1. With the structure loaded, tell me whether R127 is closer than 22 Å to P44 by Cα, modelled with pLDDT of 95 or more and open to solvent by 30 Å² or more (accessible area, probe 1.4 Å) or whether it fails that test.
2. Does the range 98-108 hold any residues that are in contact with a Leu (Cβ under 9 Å, 6 or more places away or on another chain) and open to solvent by 20 Å² or more (accessible area, probe 1.4 Å), and which are they?
3. S174 - would you say it is closer than 22 Å to E12 by Cα, open to solvent by 40 Å² or more (accessible area, probe 1.4 Å), out of contact with any Phe, Trp or Tyr (no Cβ under 8 Å at 6 or more places or on another chain) and at pLDDT 80 or above?
4. Take the range 51-91 and flag every residue that is open to solvent by 70 Å² or more (accessible area, probe 1.4 Å), part of a loop (DSSP other than H, G, I, E, B) and either within 18 Å of T169 (Cα to Cα) or not acidic (D, E) (or both).
5. Given the residues E153, E100, which is the only one that is at pLDDT 90 or above, more than 28 Å from S28 (Cβ to Cβ) and over 15 Å from the mean Cα position of the chain (by Cα)?
6. Taking into account only those residues within the range 22-50 that are acidic (D, E) and either open to solvent by 70 Å² or more (accessible area, probe 1.4 Å) or in a helix (DSSP H, G or I) (or both), which is modelled with the lowest pLDDT?
7. Is there a residue in the range 10-21 that is open to solvent by less than 40 Å² (accessible area, probe 1.4 Å), in contact (Cβ under 8 Å) with a residue 60 or more places away in the chain and under 17 Å from the mean Cα position of the chain (by Cα)?
Amino acid sequence: MARQQTVVMWFEELGSDDVPRVGGKNASLGEMIRALKDEGVRGPDGFATTAEAYRIFLEANALTERIQTQFDQLRNDGDRSLEKVGRTIRQLFRRATFPEEIAAAIRQAYRDLSRRYQTEEVDVAVRSSATAEDLPEASFAGQQETFLHISGEGALLDACRRCLASLFTDRAISYRKGHG
């Protein structure tokens with residue numbers, strides 16, 4: 001039996017209670033868009049992929065254990081350098097594929113967004129919004145890549161995959177390790 005999940009949410013649906021589902025940036029953007037709408041100001045339309053989509057992506061590509069193996073090699077007396085571990089993990093993400101349920105949801109949301117802007121392929125920005133990004137004791141701001149002027153379904157899926165890979169830059173890995 002297929003599990004029920006939400007893998008894409010529109011900004012206009014999001015609020016501060018959604019940080020665990022879509023991360024701090026997306027939840028804040030949703031709050032801002034809703035507040036501006038109440039004042040008669042139109043904010044940017046868009047959508048977020050959810051933490052559930054990320055978990056499904058990891059599971060479908062059997063990445064969790066492979067990532068852990070890389071981290072274990074980094075921890076075990078420096079068997080591998082931070083640079084090699086980070087590069088290997090990012091390659092795992094770049095070679096992975098979105099399960100069809102996620103790819104289809106992203107493609108459909110992109111088509112819907114393009115229709116909202118009355119264009120065939122709207123340009124979008126793809127950026128991370130991690131659920132543990134801006135904690136009182138740690139901030140991961142600026143550690144992941146942002147991709148601008150992405151146009152087309154294939155380019156969007158590729159940018160999403162590269163954005164996920166950027167969760168494992170050398171800087172981000174080192175920062176996480178330093179903060180336990």
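1. No.
2. Answer for the range 98-108, where residues must be in contact with a Leu (Cβ under 9 Å, 6 or more places away or on another chain) and open to solvent by 20 Å² or more (accessible area, probe 1.4 Å): F98, R107.
3. No, not satisfied.
4. Correct list: N76 only.
5. On inspection, the qualifying residue turns out to be E100.
6. Looking at the filtered set, the residue picked out is D38.
7. yes
The values are calculated or read from the model by the stated rules, or taken from the named source; none is laboratory data. Predicted model only: the values in this text are computed from it and were never measured. Methodologically, a virtual Cβ is constructed for each residue, glycine included, from the backbone with ideal geometry; neighbour enumeration extends over all protein chains shown. Heavy atoms of the whole protein, side chains included, go into the accessibility calculation; ligands, DNA and RNA do not. Shrake-Rupley method; radii C 1.70, N 1.55, O 1.52, S 1.80 Å.
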